[in-house]
Amino acid sequence: MTARAQPFEQLLLECIDEGLSVLGNEPREALYQYLLTICSLPREEIPGRVADFVAGLRKSLGGASKVIERIILRKLFQKTGSSFRETIDTEFTEYVADAKRRYEMLSHRHGVAEDSTDPVRSKKSQITG
């Protein structure tokens, strides 16, 4: 993975922020406060505790959480270069794990390609006439 590539955890947090933004800024912040206070889940720990996040989201928003989950997943898959296809038996945590796997495969492929060309560029730039 290259230094330019964003860690998946950061990407996931961005998508969660964007997904929760449909609620408005204050409700989004209130939800983060709820997760922190009631679920003992700070925002920064969400990527490592996705199951706790979705449980807290469902507890706080009820049935509306499904809409937010879909928005987050669509954004996540879009940013990982994949398309989101919803299936009945797949849970939010499984989708996130799948997106992470795809993202890491893509990052690794790009990292290998960039790493293999970087030395060539370096050598060319060192050649003087």
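The values are calculated or read from the model by the stated rules, or taken from the named source; none is laboratory data. Because the structure is a prediction, the values reported are computed rather than measured. With ideal geometry, Cβ positions are generated from the backbone for all residues, glycine too; neighbour counts draw on all protein chains shown. These area figures cover heavy atoms from the full protein model, side chains too; ligands, DNA and RNA do not enter into them. Shrake-Rupley method; radii C 1.70, N 1.55, O 1.52, S 1.80 Å.
General observations
- Nearest-0.05 FRET efficiency for ASP89 and GLU44, computed from C-beta distance (R0 25 Å): 0.25
- With the convex hull constructed from alpha-carbon coordinates only, the range 1-62 shows a mean projected area of 4.5 nm² over all directions.
- Surface accessible to a 1.4 Å probe, per residue, for the residues of the range 14-74, Å²: 50 Å²
- Hz values of 3J(HN,Hα) by residue in the range 17-31 - Karplus curve (6.51, -1.76, 1.60), Gly and Pro given as x: 4, 5, x, 6, 5, 5, 6, x, 5, 5, x, 4, 5, 5, 5
- Peptides 47-54, 36-43 ordered by average Cβ neighbours within 10 Å, highest first: 47-54, 36-43
- With 0.36 nm allotted per residue and the present C-alpha distance subtracted, the LYS66-LEU23 stretch has 14.2 nm of extension available.
- Linear extension gain, ASP52 paired with HIS108, 0.36 nm per residue minus alpha-carbon span: 17.3 nm
- Residues whose amide H falls under 5 Å from that of LEU41, counting only those 5 or more places apart or on a different chain, are LEU36, with hydrogens built in the peptide plane.
- Heavy-atom surface analysis with a 1.4 Å probe gives the range 4-111 a carbon and sulfur content of 52 percent of its accessible area.
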